[in-house]
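What follows is a single structure, written as structure tokens, with notes after it.
Bear in mind that the values in this text are calculations on the coordinates, not laboratory data. Keep in mind that this is a model prediction, so the values were computed, not measured. Glycine also receives a Cβ, built like all others from the backbone with ideal geometry; neighbour counts cover every protein chain displayed.
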């Protein structure tokens, strides 16, 4: 798989986690792709933290409205039944536990659920945006990312970069498999058959428990 | 009371060294003409409170490029390379604030509250130097109110008393900053006369608005 295929593969699997009636917030980059793969028949609404619920597909040339953009400044549409609101309401929705699922990328995730995804000191300091609030407030946190960065593990015993939140991550979905964050540590619950268990363990920087009910990655 | 003001008089209300709150989210809902006029005037040593720093050629980012800020409070600066350069080279102090915390600090500043308690940022660098408060056994960070000398805001429509309505995702920080600033100036896409705005449609009551610049005449 090339990079684009890898990202689509991950996004497709993340989308299966979304349940009928869920309110979902997608981070920028790979997570944004998840909206393309929601299983048919599931009524899922997407929140954009800049101020609306009901993010729709990208607009056609004629549909573009400069006042309707997602939190990554990309033009989007709003679906029937959608609503606009300000940032106080938007983050009331987020912190108040009204978002069912948030999907974010990460630089590092630790086996206790700590996550680092907003800065590399001295190099890249974009800021946390709404990520700290989402990680604290969303009912379920899914990290969607490539398993390693240039061959270096991103799943670690402890994060070395500044944390975005502590004990926040519930599920990690990569091109290698699906990993649950449990009190015992990382548990592989689904395996992409393109990779052996030894390959997945070698790409993981913390002990990886293999679930007794291990399934093939959907 | 008619709150209309000419653009050139509006920018004279901002002085060197002021703290300014500027509405908008990645240049959606930003008062671009007020910004252009401030840049033309050459105001300097400002402290900025804004969700982000836009882009080098759009939104508040143009003011970053013009080196008008000595300090910036924002949740995200990653879309503007010049902010990153000024921050890493020590030219401008940048304080990164979680988005949901920033809007609540502004709300508290305008609404007479002594601060807000949030879990966002606990266990991260955001916690440094701040008071952790325990309420019924749960820990929260105390985030203090923010105020500004001047707020520069955008609305789709204003009436002459400063009642505001919005379109799309432009509400973001525009709805609360006026309350938290000594002087608030709104650039309105359109201005209507007294009685031409239905009270039911008002999103921000004119009590939070001191001056209105008619953007349709610019």
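Modelled spin-label separation between residue B:144 and residue A:58, with each label point placed 7 Å from Cα along the Cα-to-Cβ direction: 4.6 nm. With contributions of -39500 (n - 2.57) from each DSSP H run of at least four residues, the per-residue ellipticity at 222 nm computed over chain A stands at -4500 deg cm²/dmol. The distance separating the Cα centre of segment A:110-173 from that of segment B:141-218 comes to 37 Å. Please work out, to two decimal places, the log10 of the ratio I(q)/I(0) at q = 0.10 Å⁻¹ from a Debye calculation in which every Cα of the protein assembly as shown carries one identical scatterer. Debye output, listed in q order: -0.71. When each of B:50, A:159 is scored by the number of other beta-carbon atoms lying within 10 Å, the sequence from fewest to most is A:159, B:50.
Shape of segment B:16-62 from its Cα gyration tensor (a ≥ b ≥ c, root eigenvalues): rounded if a/c is under 1.5, otherwise prolate when a/b > b/c, or oblate? Taking the square roots of the gyration eigenvalues as a ≥ b ≥ c, segment B:16-62 is oblate.
Estimate the FRET efficiency between residue B:88 and residue B:45 by the formula 1/(1 + (r/R0)^6), using the beta-carbon distance for r and 22 Å for R0, to the nearest 0.05. After rounding to 0.05, the efficiency reads 0.60.
Calculate how many DSSP beta bridges within the protein assembly as shown are antiparallel, expressed in % of all such bridges and rounded to the nearest 5.
40
What's the angle, to the nearest 10 degrees (0 to 90), between helix B:99-110's Cα axis and the longest principal axis of chain B? Between helix and principal axis, roughly 60 degrees. Bridge orientation summary for segment A:3-216: considering DSSP beta bridges with both residues in this region, about 50 percent are antiparallel. In summary, the convex hull built on the alpha carbon positions of segment A:3-216 has an orientation-averaged projected area of 12.6 nm². Quick one: angle between helix A:3-15 and the longest Cα principal axis of chain A, in degrees between 0 and 90, rounded to 10, please. Between helix and principal axis, roughly 80 degrees.
Once the Cα atoms are used to define both axes, helix B:32-41 deviates from the longest principal axis of chain B by about 90 degrees. The alpha-carbon atoms of chain B, seen along their principal axes, cover 52, 43, 28 angstrom, with the largest extent given first. Counting only other chain Cβ atoms within 10 Å of each residue's Cβ, the peptide B:25-32 averages 5. Sorted ascending by nearby beta carbons within 10 Å, beginning with the fewest, B:76, A:147 become A:147, B:76. Note on residue B:4 and residue B:192: their simple-model spin labels are 1.6 nm apart, each label 7 Å out from Cα toward Cβ.
Exposure proxy ranking for A:142, A:78, A:64, based on other Cβ atoms within 10 angstrom of each Cβ and starting from the fewest, stands as A:64, A:78, A:142. Among DSSP bridges having both ends in chain B, what percentage is antiparallel? Round to the nearest 5. Of all bridge pairs located within chain B, approximately 30 percent are antiparallel. With the cut-off at under 16 Å, measuring from each backbone N in segment A:87-106 to a point 7 Å along the Cα-to-Cβ line of residue B:207 picks out no residue.
Extension gain for the segment residue A:37 to residue A:150, taken as residue separation times 0.36 nm less the Cα-Cα distance, is 38.0 nm to one decimal. For the pair residue B:111 and residue A:20, label points projected 7 Å from Cα toward Cβ lie 3.7 nm apart.
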